[in-house]
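Notes follow the structure.
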Amino acid sequence: GRLTGKVRRGQPLPERSRLHDTADFGPPVEDEHLHKVVDALEAVAAETGKTVPQVAINWLLQRPTVSSVIIGARNEEQLRQNLGAVGWALTPQQMKALDEASAVTAPYPYFPYRR
């Protein structure tokens, strides 16, 4: 839900967001890091003519370390929107931009070996 583009810098969560109830249960993400990733998703969405959620799902499906993506569509419209994430591919440059925007230093003991 954090990669939908609904979470915006300097704005409260949308009134109907499930993140009000679930944000504390997911992995912690610094706000600025999330905004940096969403900014990159928005840029790629503008290039592709796709929505931010479609780009996010497509990007995750193309990552070699992701085995599955769970979508939490609230209704048929959201489900149909999310299904628009398949049948096309991001360019290597777009993948690189999203990977760079989302990069973090791995925790010890892993970070010395990720060079």
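Please work out if residue 48 is modelled with pLDDT under 90 and either under 14 Å from the mean Cα position of the chain (by Cα) or surrounded by 11 or more Cβ atoms within 10 Å (Cβ to Cβ) (or both). First the steps, then the outcome.
Values: modelled with pLDDT under 90: no; either under 14 Å from the mean Cα position of the chain (by Cα) or surrounded by 11 or more Cβ atoms within 10 Å (Cβ to Cβ) (or both): yes.
It is false that residue 48 is modelled with pLDDT under 90 and either under 14 Å from the mean Cα position of the chain (by Cα) or surrounded by 11 or more Cβ atoms within 10 Å (Cβ to Cβ) (or both).
Determine which single condition residue 102 fails, assuming it passes every other condition in (1) small (Gly, Ala, Ser); (2) under 20 Å from residue 33 (Cα atoms); (3) loosely packed, with under 13 Cβ neighbours inside 10 Å.
(3)
Which condition breaks for residue 105 when tested against (1) at pLDDT 90 or above; (2) touching a helix residue (DSSP H, G or I) at 6+ places or on another chain (Cβ under 8 Å)?
In the conditions (1) at pLDDT 90 or above; (2) touching a helix residue (DSSP H, G or I) at 6+ places or on another chain (Cβ under 8 Å), residue 105 misses (1) alone.
The values are calculated or read from the model by the stated rules, or taken from the named source; none is laboratory data. From a predicted model like this one, the values you see are computed outputs, not experimental measurements. Virtual Cβ from ideal backbone geometry, glycine too; neighbours counted across all protein chains shown.
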